[in-house]
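Remarks on the structure that follows.
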Protein chains: 2
Amino acid sequence: MPVGTQGSVKAMSPEELKNVDAQIILGNTYHLFLRPGLDVIKHFGGLHRFMSWDYPILTDSGGFQVFSLSKLRKISEEGVHFSSHIDGSPCFLNPEIAMEIQATLGSDIAMAFDECTPYPCEWGDAAASLERTMRWAKRCRDWIVDQPPERRSLLFGIIQGATYSDLRERSAQALVAMDFDGYAVGGVSVGEPEPEMMLAIESSEGFLPANKPRYAMGLGTPSQIVEMIARGMDMFDCVLPTRLARNGTAFTEFGTINLKNNPYRLDERPIEETCNCSTCRTFTRGYIRHLIKAEEILGLRLITIHNLHFYLNLTRRIRTALENERFAEFRQQFIANYVKYEPSEI
Amino acid sequence: MPVGTQGSVKAMSPEELKNVDAQIILGNTYHLFLRPGLDVIKHFGGLHRFMSWDYPILTDSGGFQVFSLSKLRKISEEGVHFSSHIDGSPCFLNPEIAMEIQATLGSDIAMAFDECTPYPCEWGDAAASLERTMRWAKRCRDWIVDQPPERRSLLFGIIQGATYSDLRERSAQALVAMDFDGYAVGGVSVGEPEPEMMLAIESSEGFLPANKPRYAMGLGTPSQIVEMIARGMDMFDCVLPTRLARNGTAFTEFGTINLKNNPYRLDERPIEETCNCSTCRTFTRGYIRHLIKAEEILGLRLITIHNLHFYLNLTRRIRTALENERFAEFRQQFIANYVKYEPSEI
């Protein structure tokens, strides 16, 4: 899922999203709640109509952003008091309000309101937080079953438990007992080493029903996505393809390249010779490099198109490989080719 | 002509330019000479191929930018020494080099290399500068007739003479005697009051042949364009539609509106209800306002599309009015409706 934090997948038009075959995007409850505000979204008949996107939208619950972006948080059983990262004004979110907001946004898939623990986190703190998150999940579940059908979206529960397998197991089992439409693994990609991330997925996944979608939140690099799918995950959202594009970084089958670099100055090839996105069909690395160096908006637009196409095409290729029972081979070959994205390069 | 300073009309793709019916764009010799540099443009086979634009390109000569952007200028009969506005490195331009660069860019219409006088400017300084600019124009003319046909673009001369009618007349007559493919009025829109701008046009225009295009450089607001056409001008280039878009300002039949303003918050109308550009067919003022407030790139993209469509549609409507001999009526009505763009609003 491309990430449309503020009612727009950064630099992209809805038409361009369709051209890269995006089938669903993510919208951020926290951001849209603060700006433009719910009265605006409601006035325009929901987020789909507001942003002219007629395909599905998954909305997060705001939990992650409250803990990662806002300041002066005060958590109680009831919910979270925090200050807006835009103007510092006092705000309050709790399970019922998060659900209400997501219903007003017109979400197709809503997420339960959760507390996202930081990395590292002591077992005791993670356990206490997890128990509250599970009570909050129940309140979200209770809220949605009371709604009239036209306001009732799908609802996913979020597994927490930091890096502790026993807590992940407890969380997964508690959520499955509440019977959600899908299950997400949250609290990953918060700074933990990759082996701990994989372990958090592995210790959750075994307890989830096979017939419900599994969503690894906020992930990841292309190789992480391949490895997550190998571990039974189905859905992903990630800002990397759009965020790195704005810095001149493009994804290819053989790792990332930064188009700002000098070797691309006279490079007449497209970003990726085997790619059939609109950027690669028309523009050279040399031209895109010039645009990025000259800080022209078209440069980051062209890379964003390519990067989203790369990600969406990756999951499409994996689906085909799975259908043809060639995924193990695909995984091995992809990981062997792919030089993992290194933050230090960027 | 939309302005593509650095090999890109800001925020627009070539396809979007075609969708707003742009038939020709302007490229900047000075900027492209400094970045990416001529070796890059040459390697890619010229500016058209570099930026994937297969319609005509007019290039300015670099004269205006040398005088408005660069520092440490030293002017002699031979040419101008200056330092790059990017890294301060020493550069040199003269008529022959400016022509050589434009030929390498693959310009369809090249401009003669000129000195652009500031406002205000003493008569004596303007006269001396003008004489040199006329000698430089002759050198450009001589250069181009020596070229093989495949390197020979059209070449326009540039009328200078600051705000002095006698100098404008002398300049126009000297250029016409050299027989250029078209004639531009330069040294306007450099800070002078609008009546002086109109006078500069009026005192040049009467001496130009009826069968050659006349180009008013760097102009203007919609009402200025209408008034310039009333004074016999045919061609324009202007950064206003793209530059103001980036600040949230949209052009309409009834003047400019700044979409950042609060009244547009819940406004479900398109920027202009009678407009059929892709922005107005799909998006509301309220959504675009949100995008601009949230600093989303899509916001300035959508306004840029509308603004360029507005300008190009304005000249299209004027052509139709001229063909139907209704221009006087069109002019009167347009000016009456149009609340002139006021810099203080922006």
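Looking for whichever is closer than 19 Å to B:Asp146 by Cβ and free of Cβ contacts under 8 Å to residues at least 40 places away in the same chain here; the options are B:Glu78, B:Glu122, B:Glu96. Which one fits?
B:Glu78
Consider the range B:1-32. How many of its residues are within 12 Å of chain A (Cβ to nearest Cβ) and assigned to a loop (DSSP other than H, G, I, E, B)? Give the derivation first.
Taking the range B:1-32 and keeping what is within 12 Å of chain A (Cβ to nearest Cβ), we get B:4-17, B:19, B:28, B:31-32.
Now narrow it down to the ones that are assigned to a loop (DSSP other than H, G, I, E, B): B:5-13, B:28.
Total satisfying the criteria: 10.
Please indicate, with yes or no, whether at least one residue in the range A:289-300 is open to solvent by 70 Å² or more (accessible area, probe 1.4 Å) and either under 28 Å from B:Arg246 (Cα atoms) or within 13 Å of another protein chain (Cβ to nearest Cβ) (or both). If you could, list the steps in order and put the result at the bottom.
Taking the range A:289-300 as the starting set, the residues that turn out to be open to solvent by 70 Å² or more (accessible area, probe 1.4 Å) are A:293, A:295.
From the residues that got through so far, the ones that are either under 28 Å from B:Arg246 (Cα atoms) or within 13 Å of another protein chain (Cβ to nearest Cβ) (or both) too are A:293, A:295.
For the range A:289-300, residues open to solvent by 70 Å² or more (accessible area, probe 1.4 Å) and either under 28 Å from B:Arg246 (Cα atoms) or within 13 Å of another protein chain (Cβ to nearest Cβ) (or both): present.
Restricting attention to the range B:205-216, and to residues there that are of a type outside the set (D, E, K, R) and within 18 Å of the chain's Cα centre (by Cα), which single residue is most open to solvent (accessible area, probe 1.4 Å)?
If we filter the range B:205-216 for residues that are of a type outside the set (D, E, K, R), which is where we start, we get B:206-211, B:213, B:215-216.
Keeping just the survivors that are within 18 Å of the chain's Cα centre (by Cα) gives B:213, B:215-216.
On the way: B:Pro213: 44, B:Tyr215: 1, B:Ala216: 0 Å².
Within the range B:205-216, the match that is most open to solvent (accessible area, probe 1.4 Å) is B:Pro213.
Could you tell me whether the range A:86-106 includes any residue that is surrounded by fewer than 23 Cβ atoms within 10 Å (Cβ to Cβ) and within 14 Å of chain B (Cβ to nearest Cβ)?
There is at least one residue in the range A:86-106 that is surrounded by fewer than 23 Cβ atoms within 10 Å (Cβ to Cβ) and within 14 Å of chain B (Cβ to nearest Cβ).
Mind counting the residues in the range A:273-288 that are within 8 Å of chain B (Cβ to nearest Cβ) and either in contact with a Lys or Arg (Cβ under 7 Å, 6 or more places away or on another chain) or open to solvent by less than 30 Å² (accessible area, probe 1.4 Å) (or both)? Step through it out loud before you land on a result.
So the first thing to find is which residues in the range A:273-288 are within 8 Å of chain B (Cβ to nearest Cβ), and the list is A:282-284, A:286-287.
Filter again for either in contact with a Lys or Arg (Cβ under 7 Å, 6 or more places away or on another chain) or open to solvent by less than 30 Å² (accessible area, probe 1.4 Å) (or both), leaving A:283-284, A:286-287.
So the answer is 4.
How many of the residues in the range B:54-79 are outside any loop (DSSP other than H, G, I, E, B), at pLDDT below 95 and open to solvent by less than 10 Å² (accessible area, probe 1.4 Å)?
Adding up the residues that qualify gives 2.
Name, by its number, the condition in (1) within 18 Å of A:Ala216 (Cβ to Cβ); (2) crowded, with 22+ Cβ neighbours inside 10 Å that does not hold for A:Trp136.
(1)
Among residues belonging to the range B:1-53 that are surrounded by fewer than 21 Cβ atoms within 10 Å (Cβ to Cβ) and among the hydroxyl-bearing types (Ser, Thr, Tyr), point out the one that is farthest from the chain's Cα centre (by Cα).
B:Ser52
Within the set of pairs 6 or more residues apart or between chains, which connect a residue that is surrounded by fewer than 19 Cβ atoms within 10 Å (Cβ to Cβ) and among the aromatic types (Phe, Trp, Tyr) inside the range B:243-272 to a residue that is modelled with pLDDT under 95 and part of a loop (DSSP other than H, G, I, E, B) with Cβ atoms less than 7 Å apart?
Here the result reads B:Phe254/B:Tyr338; B:Phe254/B:Val339, each pair linking the range B:243-272 to a residue that is modelled with pLDDT under 95 and part of a loop (DSSP other than H, G, I, E, B).
Please verify whether B:Ala321 is farther than 18 Å from B:Arg243 by Cβ, open to solvent by less than 30 Å² (accessible area, probe 1.4 Å) and of a type outside the set (Phe, Trp, Tyr), treating the condition exactly as stated. Spell out the reasoning first.
On the way: farther than 18 Å from B:Arg243 by Cβ: yes; open to solvent by less than 30 Å² (accessible area, probe 1.4 Å): yes; of a type outside the set (Phe, Trp, Tyr): yes.
So B:Ala321 fits the description; yes.
Answer with yes or no whether A:Lys71 is touching a strand residue (DSSP E or B) at 6+ places or on another chain (Cβ under 6 Å), over 20 Å from A:Met111 (Cα atoms) and either within 12 Å of chain B (Cβ to nearest Cβ) or of a type outside the set (A, V, I, L, M) (or both).
Working: touching a strand residue (DSSP E or B) at 6+ places or on another chain (Cβ under 6 Å): yes; over 20 Å from A:Met111 (Cα atoms): yes; either within 12 Å of chain B (Cβ to nearest Cβ) or of a type outside the set (A, V, I, L, M) (or both): yes.
The answer is yes for A:Lys71.
Kindly list the number of the only condition in (1) crowded, with 23+ Cβ neighbours inside 10 Å; (2) without any contact (Cβ under 8 Å) to a residue 40 or more places away in the chain; (3) not in a helix (DSSP H, G or I) that fails for A:Leu155.
Only one criterion in (1) crowded, with 23+ Cβ neighbours inside 10 Å; (2) without any contact (Cβ under 8 Å) to a residue 40 or more places away in the chain; (3) not in a helix (DSSP H, G or I) is unmet by A:Leu155, namely (2).
Just to verify a result, which residue in the range B:33-45, among those that are of a type outside the set (Phe, Trp, Tyr) and touching a helix residue (DSSP H, G or I) at 6+ places or on another chain (Cβ under 6 Å), is farthest from the other protein chains (Cβ to nearest Cβ)?
Looking only at the range B:33-45, we keep the residues that are of a type outside the set (Phe, Trp, Tyr), and these are B:34-43, B:45.
In the following step, the residues that additionally are touching a helix residue (DSSP H, G or I) at 6+ places or on another chain (Cβ under 6 Å) were identified as B:36, B:38, B:41-42.
Working: B:Pro36: 4, B:Leu38: 12, B:Ile41: 9, B:Lys42: 10 Å.
So, considering only residues that are of a type outside the set (Phe, Trp, Tyr) and touching a helix residue (DSSP H, G or I) at 6+ places or on another chain (Cβ under 6 Å), the one farthest from the other protein chains (Cβ to nearest Cβ) is B:Leu38.
Out of all the residues in the range A:242-266, which are within 10 Å of chain B (Cβ to nearest Cβ) and over 14 Å from A:Leu302 (Cα atoms)?
Matches in the range A:242-266: A:Arg265, A:Leu266.
The values are calculated or read from the model by the stated rules, or taken from the named source; none is laboratory data. Computed from a prediction, not measured in an experiment: that's the story for all the values here. With ideal geometry, Cβ positions are generated from the backbone for all residues, glycine too; neighbour counts draw on all protein chains shown. Only protein heavy atoms, including side chains, enter the accessible area calculation; ligands, DNA and RNA are left aside. Shrake-Rupley method; radii C 1.70, N 1.55, O 1.52, S 1.80 Å.
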